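Okay, structure first, notes after.
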Amino acid sequence: MKTFTMIVALLVVPAAYSQGALPEHATPLQIVEWATARAGGEQWLHARSNRMEGWAELCRDGRADQCVRADRYVMHRLYPTDLDAAHAGTGKFRLDALESDRVIFRVSFDGQHSYDQDGPLPPARAADSEASAFGFSAIRFATRPGFALLRLMDDSVDGHPCYMLRITDPAGSHTFFGIDRESAYIRLAAWDTPRGWHQRLYSDFYWVPDPGFLQPGRVRLYYAGAKTVDIRWTSATLNQEISDEFFVLGAK
């Protein structure tokens, strides 16, 4: 499986995914379907895994004097095949943040348990971590039975006019999305977490040709209004096989 860098992939976004915006009174279902097509359609919806690598600036509590740079920031994600609660642990996930050879942190979810570099997290801390980390998948499953879609008042994200949606999952939790009115890029995901109101802003999109997947090159994370993480994903590799053991951290 090939890895494609942002510099190359920016040049090859298919024309089929660059059509104009929807009618003024588009329904939320039309908006979600349009965003899905722009992101890669079935390939985006049913991708099995994604390995993203880049770098990130990490600022504890959003404080400028508490920032460190992870010059290697690597996420492995196994996407869920079903979803009832968007803000519980779904699929599998591992994130490694390193400064040269020094581990800043490692976190993971193996499908049942959450970990950091020292091993399994206590149940209460694991629940808080999962509620703060998981939520974007709501839009992948939004057209399935049990999900409710609501179009909200339009707004702008980073100066881009956007359709605003609220997606309610079968468990009753809400996730909010901002969909660019011109490009159909998903520019915003937001939800309430134990750490406060959480927003993710997506930008610098590029196309991964194999299998056909729109990847944000930059993701900014905010909690309770403060930016805590600024990620630059410079490569993405889809549909690699990843062993179950890879997501189990701590003493072996």
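The values are calculated or read from the model by the stated rules, or taken from the named source; none is laboratory data. Just so it is clear, the structure is predicted and the values come from calculations on it, not from any experiment. Neighbour counts run over all protein chains shown; Cβ positions are idealised from the backbone, glycine included.
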Worksheet item: Restricting attention to region 124-133, does a residue exist that is in contact with a Leu (Cβ under 8 Å, 6 or more places away or on another chain) and under 21 Å from Trp55 (Cα atoms)?
Response: no
Item to complete: Mind listing whichever residues of region 102-132 are over 18 Å from Val74 (Cα atoms) and in contact with a helix residue (DSSP H, G or I) (Cβ under 8 Å, 6 or more places away or on another chain)?
Response: Gly111, His113, Pro120, Leu121
Item to complete: Go through (1) charged (D, E, K, R); (2) in contact (Cβ under 8 Å) with a residue 60 or more places away in the chain; (3) crowded, with 20+ Cβ neighbours inside 10 Å one by one and return the number of the condition Asp210 breaks.
Response: (3)
Item to complete: Output the residues belonging to region 169-209 that are farther than 20 Å from Phe134 by Cα and of a type in the set (Val, Ile, Thr).
Response: Val208
Worksheet item: Mind checking whether some residue in region 214-233 is more than 19 Å from Asp158 (Cα to Cα) and either small (Gly, Ala, Ser) or not in a loop (DSSP other than H, G, I, E, B) (or both)?
Response: no
Fill in: Among the candidates Asp158, Asp154, Asp192, residue that is among the acidic types (Asp, Glu) and in contact with a Cys (Cβ under 8 Å, 6 or more places away or on another chain)
Asp154
Worksheet item: Looking at this structure, is Thr237 of a type in the set (S, T, N, Q), over 19 Å from Phe134 (Cα atoms) and in a strand (DSSP E or B)?
Response: yes
Worksheet item: Among the residues of region 17-72 satisfying the criterion of being surrounded by fewer than 17 Cβ atoms within 10 Å (Cβ to Cβ) and basic (Lys, Arg), which is modelled with the lowest pLDDT?
Response: Arg60
Worksheet item: Across region 222-247, what is the number of residues that are of a type in the set (Gly, Ala, Ser), more than 20 Å from Tyr206 (Cα to Cα) and touching a residue at least 24 places away in the same chain (Cβ under 8 Å)?
Response: 3
Discussion item. Against the definition (surrounded by 16 or more Cβ atoms within 10 Å (Cβ to Cβ) and either in contact with a Lys or Arg (Cβ under 9 Å, 6 or more places away or on another chain) or not in a strand (DSSP E or B) (or both)), how does Gly172 come out, yes or no?
Written reply: no
Worksheet entry | Members of region 89-115 found to be over 21 Å from Ile242 (Cα atoms) and either under 17 Å from the mean Cα position of the chain (by Cα) or of a type in the set (S, T, N, Q) (or both), listed by number | Ser100
Worksheet, complete the sentence: Residues in region 24-54 that are more than 17 Å from Phe177 (Cα to Cα) and small (Gly, Ala, Ser) total 5
Fill in: Complete set of residues in region 130-168 that are outside any helix (DSSP H, G or I) and either closer than 24 Å to Phe105 by Cα or among the aliphatic types (A, V, I, L, M) (or both)
Phe134, Gly135, Ala142, Ala148, Leu149, Leu150, Leu152, Met153, Val157, Met164, Leu165, Ile167
Worksheet item: Which ones in region 77-133 are among the hydroxyl-bearing types (Ser, Thr, Tyr) and surrounded by fewer than 17 Cβ atoms within 10 Å (Cβ to Cβ)?
Response: Thr81, Ser100
